[in-house]
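The values are calculated or read from the model by the stated rules, or taken from the named source; none is laboratory data. Owing to the predicted nature of the structure, the values given are computational and were not obtained by experimental measurement. Neighbour counts are summed over all protein chains in view; Cβ atoms, including those assigned to glycine, are modelled from backbone coordinates with ideal geometry.
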């Protein structure tokens, strides 16, 4: 077990009893959440600034539609909820021409770095496990830059080998559309004759392995999933960063048990999404317990060392009411405690499982 996370300055957030009252949970859950490290494997909070100039460094009460779609995270609520670090996604617009996708990615990567710089030390870029630790030692939120939609790299002169300064820690191979690299799981794009990973997709996986960049199998078609597993370096951990599981609610967006086992065999981890549309089942829970239910199925299937948090905050999702934003991570801890989970298990799920993968791939 790692040492407790460094404490953020108390003046920047409510004391545990105040936050507990506001969230309707126990003080013990808030205190544990703040003592633990919490790492979210997928946040899309860089999308709202690109769409309408959303100010990540300022506090918000939600987005234009409350908890629906956008407005889930900002720096004050990140501090309030105890979010130690997150994989911050630069999401690809697949409808741009391929050269424009590459130029736009480079421009957005610079903008992400500028946003972190404007935080005046409250946020720090973390490309490696050591840089994550340095961020935490300096009481900063660790921003781990990642790409959602590998087709951002299609026009890069040398593909994934051209990622500047090895800044990108993960690439989600495909997103909501089919691409030159392979097929999506989205039913809106299942008319493509091939459901697998293309030769270009196989080459991308090999390049990512060479660069020691995480290969993320969220959003991918099941056939392409297995194609990617077959060409992936078995010594490197695989991720599925934001997903539900069929064992709790069968859905095209979710992973089946064999897919869970493949990720566990690689030493990887599965981040459970907060999107109710993929988690909610008939006569099932309607609150944060639906997230815990999916996590519990993963634990029963592959053990407690291979499950993590992957909210997809600000990714056009609708989270449960009691997980409405970044200050609500302690609610998830409360549900875990009520479910009888040990402190050791909670710490693993909140951060340690991913940190094991991060240290193995990018020490």
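Considering each of 124, 77 in turn, give the residue that is touching a helix residue (DSSP H, G or I) at 6+ places or on another chain (Cβ under 6 Å), within 15 Å of residue 45 (Cβ to Cβ), surrounded by fewer than 24 Cβ atoms within 10 Å (Cβ to Cβ) and in contact (Cβ under 8 Å) with a residue 12 or more places away in the chain.
The conditions single out 77.
Here is a yes/no grid of residues against (1) in a loop (DSSP other than H, G, I, E, B); (2) touching a strand residue (DSSP E or B) at 6+ places or on another chain (Cβ under 7 Å); (3) farther than 25 Å from residue 91 by Cβ; (4) free of Cβ contacts under 8 Å to residues at least 12 places away in the same chain:
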{"position": "251", "(1), (2), (3), (4)": "yes, no, no, no"}
{"position": "274", "(1), (2), (3), (4)": "yes, yes, no, no"}
{"position": "284", "(1), (2), (3), (4)": "yes, no, yes, no"}
{"position": "305", "(1), (2), (3), (4)": "yes, no, yes, no"}
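Of the conditions (1) within 19 Å of residue 269 (Cβ to Cβ); (2) touching a residue at least 60 places away in the same chain (Cβ under 8 Å); (3) surrounded by 19 or more Cβ atoms within 10 Å (Cβ to Cβ), residue 179 satisfies every one except a single condition; which number is it?
In the conditions (1) within 19 Å of residue 269 (Cβ to Cβ); (2) touching a residue at least 60 places away in the same chain (Cβ under 8 Å); (3) surrounded by 19 or more Cβ atoms within 10 Å (Cβ to Cβ), residue 179 misses (1) alone.
Can you find a residue that is free of Cβ contacts under 8 Å to residues at least 12 places away in the same chain, under 20 Å from residue 267 (Cα atoms) and not in a loop (DSSP other than H, G, I, E, B) anywhere in segment 199-211?
no
Residue by residue, here is whether (1) free of Cβ contacts under 8 Å to residues at least 24 places away in the same chain; (2) under 16 Å from the mean Cα position of the chain (by Cα); (3) in a loop (DSSP other than H, G, I, E, B) holds:
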{"position": "311", "(1), (2), (3)": "no, yes, yes"}
{"position": "337", "(1), (2), (3)": "no, no, no"}
{"position": "346", "(1), (2), (3)": "no, no, no"}
{"position": "351", "(1), (2), (3)": "no, yes, no"}
{"position": "354", "(1), (2), (3)": "no, yes, no"}
{"position": "359", "(1), (2), (3)": "no, no, no"}
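Can you say whether residue 315 is surrounded by 24 or more Cβ atoms within 10 Å (Cβ to Cβ), within 25 Å of residue 80 (Cα to Cα) and in contact (Cβ under 8 Å) with a residue 40 or more places away in the chain, as far as the supplied structure shows?
no
Restricting to segment 222-250, count the residues that are over 19 Å from the mean Cα position of the chain (by Cα) and within 19 Å of residue 188 (Cα to Cα).
Qualifying residue count for the region: 4.
Give segment 286-295 a look and list any residue that's assigned to a helix (DSSP H, G or I) and farther than 11 Å from residue 251 by Cβ, or say none.
Passing the criteria: 289, 290, 291, 292, 293, 295.
Determine whether segment 287-297 contains at least one residue that is modelled with pLDDT of 95 or more and over 30 Å from residue 17 (Cβ atoms).
Within segment 287-297 (the criterion being modelled with pLDDT of 95 or more and over 30 Å from residue 17 (Cβ atoms)), the answer is yes, since at least one residue qualifies.
Please verify whether segment 107-120 includes one or more residues that are in contact with a helix residue (DSSP H, G or I) (Cβ under 6 Å, 6 or more places away or on another chain) and either farther than 17 Å from residue 329 by Cβ or crowded, with 19+ Cβ neighbours inside 10 Å (or both).
No, that holds for no residue.
Being surrounded by 24 or more Cβ atoms within 10 Å (Cβ to Cβ) and in contact with a helix residue (DSSP H, G or I) (Cβ under 6 Å, 6 or more places away or on another chain) is the filter here; which residues of segment 300-312 pass it?
If the condition is that a residue be surrounded by 24 or more Cβ atoms within 10 Å (Cβ to Cβ) and in contact with a helix residue (DSSP H, G or I) (Cβ under 6 Å, 6 or more places away or on another chain), then 306, 307, 308 are the ones that fit.
Evaluate segment 132-148: report whether one residue or more is on the phi > 0 side of the Ramachandran plot, in a loop (DSSP other than H, G, I, E, B) and without any contact (Cβ under 8 Å) to a residue 40 or more places away in the chain.
No.
For (1) farther than 19 Å from residue 362 by Cβ; (2) crowded, with 17+ Cβ neighbours inside 10 Å; (3) at pLDDT 95 or above; (4) in contact with a helix residue (DSSP H, G or I) (Cβ under 8 Å, 6 or more places away or on another chain), each residue gets a yes or a no:
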position	(1), (2), (3), (4)
192	yes, no, no, no
197	yes, yes, yes, yes
201	yes, yes, yes, yes
219	yes, yes, yes, no
237	no, yes, yes, yes
245	yes, yes, yes, yes
254	yes, yes, yes, yes
259	yes, yes, yes, yes
265	yes, no, yes, no
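Within segment 254-268, track down each residue that is over 13 Å from residue 301 (Cβ atoms) and touching a strand residue (DSSP E or B) at 6+ places or on another chain (Cβ under 7 Å).
268 - this is the single residue of segment 254-268 that is over 13 Å from residue 301 (Cβ atoms) and touching a strand residue (DSSP E or B) at 6+ places or on another chain (Cβ under 7 Å).
How many residues are at pLDDT below 95, part of a loop (DSSP other than H, G, I, E, B) and loosely packed, with under 14 Cβ neighbours inside 10 Å if we restrict to segment 7-52?
Within segment 7-52, residues that are at pLDDT below 95, part of a loop (DSSP other than H, G, I, E, B) and loosely packed, with under 14 Cβ neighbours inside 10 Å number 3.
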